[in-house]
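Take a look at the structure set out below.
Derivation of every value follows stated rules applied to the coordinates shown; laboratory data play no part. Quantities reported herein were computed from a predicted structural model and do not represent experimental measurements. Here the Cβ positions follow ideal geometry from the backbone for every residue, glycine too, while neighbour counts run over all protein chains shown.
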């Protein structure tokens, strides 16, 4: 994990036909996103990815597909890249802003999932004032793996 | 969406996020799950969350998915028609705890199945017992029962608190991007937290005035005290604080008293049934002999 570079590939298991669309204006809580709170297809400003294609394959399931991007590609497209290391640091050290969450157990659970899934987030909050650009950015930054 | 799948559902007692059997088994639909991470239904009850949060997520899930059929999460295709589930349990009969899960509630009562699971060593049996105990007590309480439906599972869980979960390397399921020793630590941490999650569930169902209600924040206290995913540190906290806390909330003497009362109530109910004929709804079985005490201090 410490060796992961911004240009290294990141993989996402998703539908076979397209990557899910984030909602830049949705609740930016990291724990809420990582624990998948709020029900199926809840709005989230993040797209989860993994540095492991095996993990992404697991998320894709038998009817989905693995998509590929990188931290550098995400940033070139106007999004932020929150690496696994950054995520763990934020969830461990900060209890404010997007890391705020009232439940200590669920904060730890989120850290466990980040580690287990080698999770990196692509953060679309920078598109909050220009949400119309999200779809094009997602299409540009992900390709079929 | 892995967390919304059958992999993270208490009704599938055979698998967790990183360990367990290669196939799952749903005790609600009575089918073998060949791709649990891709499947779901409207009955999903999340294993990773405390009961009130799991209930809130279940309400969301019921809106999106039917309770009647297991489907492929992304496509909503019927899982049986797609060949992802079937009723052939022959695969499960090779493993003692998997066989118990497949027989859950079929041979005798569910509480008897849980009692048998409590006597099987290893993390797979414990995962199954804790997962199914959560659904058992939850359903009893939702159907108008009391937290005391969980007294046996509660004492079995407290008796195990001082034992580090036994996870063999063949219990680790996946080719995950972390060393297997770390994967095993994460699995052990998950089982210990699941023990506390069950204690929290029962504590949440008890009235606030009951000492058992002190258990409702025990998982949060563990997480605040050991703010790392470190099984050694967590077990130290259990030894120094957690075990005593659980025993103070539900001492063995209280268990024996309640178990005796429940046994008497059940005997009286059975006698009444003999005199009056069968009732429309039989009283739920909640009594059975206590399992041997595993640990003591």
Suppose only helical runs count, i.e. DSSP H with n ≥ 4. What mean residue ellipticity at 222 nm does that imply for chain A under -39500 (n - 2.57) per run, divided by all residues and rounded to the nearest 500 deg cm²/dmol?
-9500 deg cm²/dmol
Modelled FRET efficiency - R0 30 Å, residue A:27 with residue B:22, Cβ distances, 0.05 increments:
0.25
So, in nm, how far is label residue A:94 from label residue B:247 when the simple model puts each one 7 Å beyond its Cα toward the Cβ?
4.3
If a paramagnetic tag sat 7 Å from the Cα of residue B:53 along the Cα-Cβ line, which residues of the range B:1-17 would have the backbone N under 17 Å from that point?
B:1-5, B:8-10, B:17
Between residue B:227 and residue B:62, what is 0.36 nm times their sequence separation minus the Cα-Cα distance? Round to one decimal in nm.
56.1 nm
To the nearest 0.05, the calculated FRET efficiency linking residue A:76 and residue B:77 through their beta-carbon distance, R0 being 30 Å, is 0.25
In peptide B:1-7, how many Cβ atoms from other protein chains are near each Cβ within 10 Å, on average?
5
Using only the Cα atoms of the protein assembly as shown, what are the Rg and Dmax in Å?
22.6, 80
For n ≥ 4 DSSP H runs only, could you compute -39500 (n - 2.57) per run for chain B, divide by its residues and tell me the 222 nm figure to the nearest 500?
-14500 deg cm²/dmol
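Other chains' Cβ within 10 Å of B:219-228 residues: what's the mean? Please report the intermediate quantities before stating the final value.
Numbers: counts 5, 5, 2, 3, 7, 5, 1, 2, 5, 3.
Counting other chains' Cβ atoms within 10 Å and averaging over B:219-228 gives 4.
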For residue B:109 and residue B:239, what does the FRET efficiency come to when R0 = 30 Å and r is the distance between their Cβ atoms, rounded to the nearest 0.05?
0.30
